[in-house]
Amino acid sequence: MADLPFELGSGLDEQLARILDVEGKIPRAIEALGPVEGRDVVVVDGSAGIRARQLETLGARVTVVESTGPTAFAAPAASADVVVGLWSAFRAAGSDEIAKAARLLRPGGRLLIVHDYGRDDVAKLREPGAEGAWAYREDPFLGSGFKIRVVHCWWTFPSVDEARTFLEAAFGAMGRAVADRLTRPRLSYNVAVYHRTLGEEPA
């Protein structure tokens, strides 16, 4: 799971892909922080292809790798200008995944890590403390040389009734509680894009 912040199954993943960030703010933020246009980009755990296709539309030459298993980060050294991790990868700032990403990057390459920031409607669909706990002073990424851009997005539904149907089917009692408070067919959703240049800039 990487293209989406939740792995729901039973066809609900496809529904979430349709309603998440219909304005395209996430790929635009990645372009602004990369950039990715005309560059070699490695997407980590993007096997479903939704985000990879968005970056290709922006002009990136995309390679997809996995973060785990025998072929983890299986791309040539110094083959990428940008490495993008989406939700499931880079769960800790000091992880060996960052060293593996650094191996893939050319001098001055950019590492962009997408995680949920929290403090939004979507956070109410998770167990307390499950996500968004980094967005405070003790944030491990900010303490390890990363900067952050918070992207204010939406889960946008055709109607309030369709939002209620989806939320209850996908999240059970928590989804029902969120749906009961809806007055408009969307949920606020804040995404953190942590970004850092790895390696020395070319002379």
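Just so it is clear, none of the values below were taken in a lab; they were calculated from the coordinates. Worth saying up front: this structure is predicted, and the values here are computed from it rather than measured. Note that each Cβ is placed from the backbone with ideal geometry, even for glycine, and that neighbours are counted across all protein chains shown.
Neighbour counts of other Cβ atoms within 10 Å put 152, 195 in the fewest-to-most order 152, 195. Comparing mean-square fluctuations of 84, 65, 42 from a GNM of the chain with C-alpha springs under 10 Å, the top value falls on 65. Pairs of alpha carbons in the stretch 29-128 separated by more than 21 Å make up 32% of all such pairs. Percent of C-alpha pairs per 10 Å bin in the stretch 7-61, short distances first: 22, 52, 23, 3.
Computed over the chain, the alpha-carbon pair-distance distribution with 5 angstrom bins reads 1, 7, 16, 19, 19, 15, 11, 6, 3, 1, 0, 0, each value a whole percent.
In the chain, the DSSP beta bridges split such that about 55 percent are antiparallel, to the nearest 5. Taken over the alpha carbons of the stretch 140-200 as equal point scatterers, the Debye sum produces base-10 log I(q)/I(0) values at 0.19 Å⁻¹ of -0.71. Put in line by how crowded their Cβ is, counting other Cβ atoms within 10 Å and starting with the fewest, 66, 7 read 7, 66.
If the segment from residue 7 to residue 25 were pulled out straight at 0.36 nm per residue, it would be longer than the present Cα-Cα gap by 4.4 nm.
Across the stretch 172-177, rounded Karplus estimates of 3J(HN,Hα) from the backbone phi angles (6.51 cos²θ - 1.76 cosθ + 1.60, θ = phi - 60°) give x, 4, 5, x, 5, 5 Hz, Gly and Pro being marked x.
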